[in-house]
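One structure is given below, encoded as structure tokens.
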Amino acid sequence: MPYNKTMSEPWYPAPFLGPVFEPGVEPVIATGYKYHPAEIALHGVESHKAIDFDAPRGTKILAPADGYYVATYGEFALTNEDGSPKTLSLEGALKGNPRNTDLKAPAGKGEFPIFFGSYVIQGWHGKGRYTQFAHVDWVNPKIPFYKSVELKDEQDKPTGDLAFSPVLRAVVSEYRKPSVAVKLKAGEVIGELGMTGCGWGQRCMKFAKIGKDGRPDFRGMDYTYYTEPHLHFMTFGKRVPRSRKPSAIWDPFGLYGQYDGGYPQAVKDWGNKLEGAKHNPLWL
């Protein structure tokens, strides 16, 4: 993929991302770096800072760069401001985002509680560069899996919420240890696309087949979800100058737009700098 080597902002990394999908797979970019108001209304989550690639469940996900990879799982009940469970009906889901065409609704009618989280893979690629891959159905067994942290309420009773392992915040020196992460080459299969973490009616984790090491496997599992199967893909890294944020979240297309903000749909165009982009894309 072509790109302009002159960075418009010196603190952005040089393009380093290769293919995330096998040849011939042309995913639809359904949501951009910023959520559209319809998405926020659907699940009440405002921050996105990633790209959602819509594709069928089971689509192979490739390591886009050499790096050290880990995996974990998290899933939380969504609540309203008063603390009551946030619920959604099939009619509400379709109205909230008309682009949803592949929902897996619970049996029956009415409102169902919804959950938000992910089976997630994270990679570290050197020079302060990281990637995250969320909502996957399956993770390559080569990649170490770190169990969720079960959360409890004030009475020390389990809430059912599962927090991601702290390994996602591990320092770089930890990633380099063979016992912590596994080093993979660009192009290796790291997982399969799904819609885990966005449970509806029941948590996705209740449907998983659990391995001896606690690793979930959702392939072939008939779990429910309230938005299209997709890969939530995030790139991030070192602190942005003049920012108090602990890390920078990088839009790999350099656009910072919503899901209708003009992202290049064809894979061959991912490496092209878009008109008005704030920096060059991170794709090779």
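The values are calculated or read from the model by the stated rules, or taken from the named source; none is laboratory data. Owing to the predicted nature of the structure, the values given are computational and were not obtained by experimental measurement. Glycine also receives a Cβ, built like all others from the backbone with ideal geometry; neighbour counts cover every protein chain displayed. Ligands, DNA and RNA are excluded from the accessible area calculation, which covers all protein heavy atoms including side chains. Shrake-Rupley method; radii C 1.70, N 1.55, O 1.52, S 1.80 Å.
Tabulated results
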{"read-out": "Filter result (assigned to a strand (DSSP E or B) and either of a type in the set (Gly, Ala, Ser) or in contact with a Pro (Cβ under 8 Å, 6 or more places away or on another chain) (or both)) within segment 125-144", "value": "ARG129, THR131, ALA134"}
{"read-out": "Unique match (being in contact with a helix residue (DSSP H, G or I) (Cβ under 8 Å, 6 or more places away or on another chain), of a type in the set (A, V, I, L, M), in contact (Cβ under 8 Å) with a residue 40 or more places away in the chain and more than 14 Å from SER148 (Cα to Cα)) among ALA186, ALA170, ALA181", "value": "ALA181"}
{"read-out": "From VAL20, VAL25, residue being modelled with pLDDT of 90 or more and within 21 Å of ILE249 (Cβ to Cβ)", "value": "VAL20"}
{"read-out": "Matching entry among ALA30, ALA71, ALA41 (being in a strand (DSSP E or B), small (Gly, Ala, Ser) and modelled with pLDDT under 90)", "value": "ALA30"}
{"read-out": "Answer from ILE121, ILE143 - the residue that is under 24 Å from ALA248 (Cβ atoms), open to solvent by less than 20 Å² (accessible area, probe 1.4 Å) and touching a Phe, Trp or Tyr at 6+ places or on another chain (Cβ under 9 Å)", "value": "ILE121"}
{"read-out": "Residue identified as assigned to a loop (DSSP other than H, G, I, E, B), open to solvent by less than 60 Å² (accessible area, probe 1.4 Å) and either modelled with pLDDT under 95 or hydroxyl-bearing (Ser, Thr, Tyr) (or both) among PRO106, PRO13, PRO98, PRO64", "value": "PRO13"}
